[in-house]
Amino acid sequence: MKRIYLLGSMALLAIILLSGCHYTGNKYYYHELDKIDHRHNRDLARKELAQLKGQADNCADYVKHYYMLLTLEMNNDLSPERNFKTVDEIIETSDHR
């Protein structure tokens, strides 16, 4: 009986540890956007960004703003140096929603 209890406890602990290693919610999308932001291959970055379209809608504002910023940057509407006037406009329009 002790052996079964010990094995069950070890299995539960392993599941808890493995599930705690993954990003969820805002952290997951922010992490994915950060990876896309640091890609040298812009075509791959555009494809990955397109896959996230609509998925970050329920995330915090900072994740939505980061997504909009990257979208503008990938479409060459914004320079990689990040035009802060455009960033301010993004923030202002999303605050009015």
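The values are calculated or read from the model by the stated rules, or taken from the named source; none is laboratory data. These numbers come from a predicted model, not from an experiment. For neighbour counting, all protein chains shown are included, and Cβ atoms are generated from backbone atoms with ideal geometry for every residue, glycine included. Surface areas here come from the heavy atoms of the whole protein model, side chains and all, with no ligands, DNA or RNA. Shrake-Rupley method; radii C 1.70, N 1.55, O 1.52, S 1.80 Å.
Listing for the model above:
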| quantity | calculated |
| --- | --- |
| Single match in L18, L12, L6 (criterion: loosely packed, with under 10 Cβ neighbours inside 10 Å, modelled with pLDDT under 70 and assigned to a helix (DSSP H, G or I)) | L18 |
| Condition met for T86 (among the hydroxyl-bearing types (S, T, Y), at pLDDT 70 or above and open to solvent by less than 100 Å² (accessible area, probe 1.4 Å)) | no |
| Flag for K47 being under 18 Å from G25 (Cβ atoms), at pLDDT 75 or above and among the basic types (K, R) | no |
| Scan of the stretch 24-59 for residues that are surrounded by 13 or more Cβ atoms within 10 Å (Cβ to Cβ), in a loop (DSSP other than H, G, I, E, B) and among the charged types (D, E, K, R), ordered by number | R39 |
| Scan of the stretch 60-83 for residues that are farther than 13 Å from Y30 by Cα, open to solvent by 60 Å² or more (accessible area, probe 1.4 Å) and modelled with pLDDT of 75 or more, ordered by number | N75 |
